[in-house]
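Quick notes on the structure that follows.
The values are calculated or read from the model by the stated rules, or taken from the named source; none is laboratory data. Since this is a predicted model, take the numbers as computed values, not measurements. Glycine also receives a Cβ, built like all others from the backbone with ideal geometry; neighbour counts cover every protein chain displayed.
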């Protein structure tokens, strides 16, 4: 019992002699954060590269310091593979683009770009590998994705939207007659262009989603419904006052197809809502996402007279002030 008392006394002496200032911030080595969304039909590829940071001041303020959040240099390559063989590669270099909007400083350094040297490649590319060697990072940062099919968007009348009497049917089919593979989710987006009379006619446009998980039937068809279309317009264009008149110009329908990595990444937010953890990505030795998305467009489409009458006079969009003539 005497020995036990001496032990407690010694322990108390040690504890009271120590500083009571706790180090609440344990500095960590920066972890690369990579985002690259690849469309094989683009002429230029873009990638953002930043890293995690720690410190004892406001994260909001620290995020405005460029040297805290991006690397000065990195060797970044995008490789094209045919089965187990690398057949081509392209290299990323810093671009003059800035990361905007957001809390980050408006300086170049986050965004890298690379020319698409694969466009006229005659062999079939089955996968892409992104690999980067970063000064101060011990291991290579990398990810690999499989190629997904190119597809086409078409309609019975490709120049005019006709919502009545049977909705507007669109068709998705493989670009080269093959089965569409590797696409886990489609999203249909509309860009709607119009003019407002502001002394003279001034151009405006709005872009909005018509559906974030489009399900095509066995025949490859889906439909645009009048109420959905007009409600989307009403939500994205402000109602008029007595001095504003608008007229329709044209619209584009854009179909986006994404791979499983982008779907998993989005579902992390939808299913967990836990922003304390990074979303589910596929970057090895880092955070972030390397993914593929393809797209197809129906461009500069017109509205038939009945659809335009509904835009100008229908109960959903009459408040938007579109003129009755077309």
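Only one of the numbered conditions (1) buried (at least 16 other Cβ atoms within 10 Å of the Cβ); (2) under 30 Å from residue 323 (Cβ atoms); (3) out of contact with any helix residue (DSSP H, G or I) (no Cβ under 7 Å at 6 or more places or on another chain) is not met by residue 257, and that is (2). For the range 296-315, state whether one or more residues are surrounded by fewer than 17 Cβ atoms within 10 Å (Cβ to Cβ), under 14 Å from the mean Cα position of the chain (by Cα) and touching a residue at least 12 places away in the same chain (Cβ under 8 Å). No: the range 296-315 contains no residue that is surrounded by fewer than 17 Cβ atoms within 10 Å (Cβ to Cβ), under 14 Å from the mean Cα position of the chain (by Cα) and touching a residue at least 12 places away in the same chain (Cβ under 8 Å). How about the range 140-194: which of its residues are on the phi > 0 side of the Ramachandran plot and exposed (fewer than 14 other Cβ atoms within 10 Å of the Cβ)? Answer for the range 140-194, where residues must be on the phi > 0 side of the Ramachandran plot and exposed (fewer than 14 other Cβ atoms within 10 Å of the Cβ): just 177. Considering only the range 194-208, state which residues are farther than 16 Å from residue 241 by Cβ and more than 22 Å from the chain's Cα centre (by Cα). Across the range 194-208, the qualifying residues are 194, 195, 200, 201, 203.
In the range 127-138, how many are assigned to a loop (DSSP other than H, G, I, E, B) and at pLDDT 95 or above? Can you show your working first?
Step one: filter the range 127-138 for residues assigned to a loop (DSSP other than H, G, I, E, B), giving 134-138.
So of that shortlist, the ones also at pLDDT 95 or above come out as none.
So the count comes out to 0.
Within the range 141-180, the set of residues being part of a loop (DSSP other than H, G, I, E, B), at pLDDT 90 or above and farther than 22 Å from residue 223 by Cβ comprises 147, 148, 149, 150.
Is at least one residue of the range 267-281 crowded, with 20+ Cβ neighbours inside 10 Å, at pLDDT below 95 and touching a helix residue (DSSP H, G or I) at 6+ places or on another chain (Cβ under 8 Å)? Lay out the reasoning, then the answer.
Keep residues of the range 267-281 that are crowded, with 20+ Cβ neighbours inside 10 Å, which gives 281.
Add one more test, that the residue is at pLDDT below 95, and what stays is 281.
In the following step, the residues that additionally are touching a helix residue (DSSP H, G or I) at 6+ places or on another chain (Cβ under 8 Å) were identified as 281.
Within the range 267-281, one or more residues are crowded, with 20+ Cβ neighbours inside 10 Å, at pLDDT below 95 and touching a helix residue (DSSP H, G or I) at 6+ places or on another chain (Cβ under 8 Å).
Any residue at all in the range 95-117 that's at pLDDT 95 or above, over 30 Å from residue 228 (Cβ atoms) and not in a strand (DSSP E or B)? Checking the range 95-117: at least one residue is at pLDDT 95 or above, over 30 Å from residue 228 (Cβ atoms) and not in a strand (DSSP E or B).
Within the bounds of the range 218-227, is there any residue that is within 30 Å of residue 50 (Cβ to Cβ), in contact (Cβ under 8 Å) with a residue 60 or more places away in the chain and part of a loop (DSSP other than H, G, I, E, B)?
Within the range 218-227, the first condition is being within 30 Å of residue 50 (Cβ to Cβ), and the residues that meet it are none.
Scanning the range 218-227 turns up no residue that is within 30 Å of residue 50 (Cβ to Cβ), in contact (Cβ under 8 Å) with a residue 60 or more places away in the chain and part of a loop (DSSP other than H, G, I, E, B).
Taking the conditions exactly as written (assigned to a loop (DSSP other than H, G, I, E, B) and either within 19 Å of residue 202 (Cα to Cα) or touching a helix residue (DSSP H, G or I) at 6+ places or on another chain (Cβ under 7 Å) (or both)), does residue 241 satisfy them or not? The answer is yes for residue 241.
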